[in-house]
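S.K.: This structure is in structure tokens; I'll ask about it shortly.
The values are calculated or read from the model by the stated rules, or taken from the named source; none is laboratory data. What you see is a predicted model; the values in this text were computed from it and never measured. Every residue, glycine as well, gets a Cβ built from its backbone with ideal geometry; the counts of neighbours run over all protein chains shown.
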Amino acid sequence: MSEKPTLPILSAADIDRIIEMGWEDRTPFEAIEAQFGLAEKDVVALMRREMKASSFRMWRARMSGRATKHRALRADDVTGFKSDQQRSITHNKISKR
């Protein structure tokens, strides 16, 4: 029987940042894993747990099949993680500038 890997303890700020990175089109799941130690399935579980059900469904529909969320599927000319035009997200809400 295989043991389940232990997930890191995350602060509220870390959870907020992971959700922000999850919504960003250009941030691949590999970048989230490198920074926070969460695999894609762990990010999905976190998003499901922390977001409203309707928001989670909208996010999953948007991320499903999106090539930019997986580094191996990205075009070679895509080098950034976040668009300069993208708003920042604070406490799971899009902040007004």
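S.K.: Could you please give the count of residues in the stretch 32-53 that are closer than 14 Å to residue 63 by Cβ and crowded, with 16+ Cβ neighbours inside 10 Å?
M.R.: Within the stretch 32-53, residues that are closer than 14 Å to residue 63 by Cβ and crowded, with 16+ Cβ neighbours inside 10 Å number 7.
S.K.: Also, I was wondering about something else. When only residues in the stretch 38-86 that are modelled with pLDDT under 70 and assigned to a helix (DSSP H, G or I) count, which is nearest to residue 15 (Cα to Cα)?
M.R.: Filtering first and then ranking leaves 69.
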